[in-house]
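What follows is a short report on a single structure.
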Amino acid sequence: MNIHYTLHALERMRQRGIERSLVEKCLKNPDKEEGLGNDIYKCIKRINRKVIIAIYKRAGDAAVIITAYISSKINKYL
């Protein structure tokens, strides 16, 4: 799967200290994935004592990352 990033996603990832490799791990091997409608999905991956959440849109064989964030609320997301 090809992964592309919106400018918004790159800016938010920079602000939040999230590396692209974490987002790619989330997309390639998610612990949970939810459809949000209109080909938009939420991908969730547990990493240590936190979860990374990536919101993305499917576009053919590619994923376009809209935003990503990290949360310590594991029970909320998983």
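The values are calculated or read from the model by the stated rules, or taken from the named source; none is laboratory data. Computed from a predicted model, the values in this text were never measured in an experiment. Cβ sites come from the backbone with ideal geometry, for glycine too, and all protein chains shown count toward neighbours.
Points worth noting:
- Residues satisfying the stated conditions in region 34-56, i.e. exposed (fewer than 14 other Cβ atoms within 10 Å of the Cβ), of a type in the set (V, I, T) and free of Cβ contacts under 8 Å to residues at least 24 places away in the same chain: none
- Scan region 46-62 for residues that are touching a helix residue (DSSP H, G or I) at 6+ places or on another chain (Cβ under 6 Å) and of a type outside the set (V, I, T) and the total you get is 1.
- Number of positions in region 13-49 that are under 13 Å from I70 (Cα atoms), part of a strand (DSSP E or B) and modelled with pLDDT of 95 or more: 5
- Screening region 23-78 for residues that are in contact with a Cys (Cβ under 9 Å, 6 or more places away or on another chain) and among the basic types (K, R) and picking the one that is nearest to I3 (Cα to Cα) gives K45.
- Annotation: of all residues in region 57-78 being out of contact with any Lys or Arg (no Cβ under 8 Å at 6 or more places or on another chain) and in contact (Cβ under 8 Å) with a residue 12 or more places away in the chain, the one that is nearest to H8 (Cα to Cα) is I65.
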